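K.L.:
First, the structure itself, so that you have it in front of you.
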Amino acid sequence: MSMRFSEEAYQELIERVRVLDAEAAEYLETKARSSDSHVLTNMLSGSFIWDRTPQGHAYWDAIDEKLHG
């Protein structure tokens, strides 16, 4: 999957994440959008800096692995 940058691409990402983890999708819809590192993309690994979240890098890495697994 190639990286795309748009609101539509980000919404697609949220829906793919929601299937795996509703709480993570909620974070993407709300708090991730307000972070200073937020980018509208269809790839979780490029959408914000994971270490700057309360969940931490390992949490988001596990979700990203499931998305691409």
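The values are calculated or read from the model by the stated rules, or taken from the named source; none is laboratory data. This is a predicted model, so every value here is computed, not measured. Every residue, glycine among them, receives a Cβ derived from its backbone with ideal geometry; neighbour counts consider all protein chains shown.
Each row is one residue, and each column tells you yes or no for (1) surrounded by 15 or more Cβ atoms within 10 Å (Cβ to Cβ); (2) modelled with pLDDT of 95 or more; (3) of a type in the set (D, E, K, R); (4) outside any helix (DSSP H, G or I).
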position: MET3; (1), (2), (3), (4): no, no, no, yes
position: GLN11; (1), (2), (3), (4): no, no, no, no
position: GLU15; (1), (2), (3), (4): no, yes, yes, no
position: GLU26; (1), (2), (3), (4): no, yes, yes, no
position: ASN42; (1), (2), (3), (4): yes, no, no, yes
position: ASP51; (1), (2), (3), (4): no, no, yes, no
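K.L.:
Return the pairs, sorted by first residue and then second, in which the second residue is assigned to a helix (DSSP H, G or I) and surrounded by 17 or more Cβ atoms within 10 Å (Cβ to Cβ), the first residue lies in the stretch 52-65 and is of a type in the set (A, V, I, L, M), the beta carbons are less than 8 Å apart, and the residues are 6+ apart or on different chains.
P.N.:
From the stretch 52-65, the pairs are ILE63/VAL17; ILE63/ALA24; ILE63/LEU44.
Yes/no matrix, rows are residues, columns are (1) over 20 Å from GLU7 (Cβ atoms); (2) within 8 Å of the chain's Cα centre (by Cα); (3) not aromatic (Phe, Trp, Tyr):
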{"site": "ALA22", "(1), (2), (3)": "yes, no, yes"}
{"site": "ALA25", "(1), (2), (3)": "no, yes, yes"}
{"site": "HIS38", "(1), (2), (3)": "no, no, yes"}
{"site": "MET43", "(1), (2), (3)": "no, yes, yes"}
{"site": "PRO54", "(1), (2), (3)": "yes, no, yes"}
{"site": "ALA58", "(1), (2), (3)": "yes, no, yes"}
{"site": "LEU67", "(1), (2), (3)": "no, no, yes"}
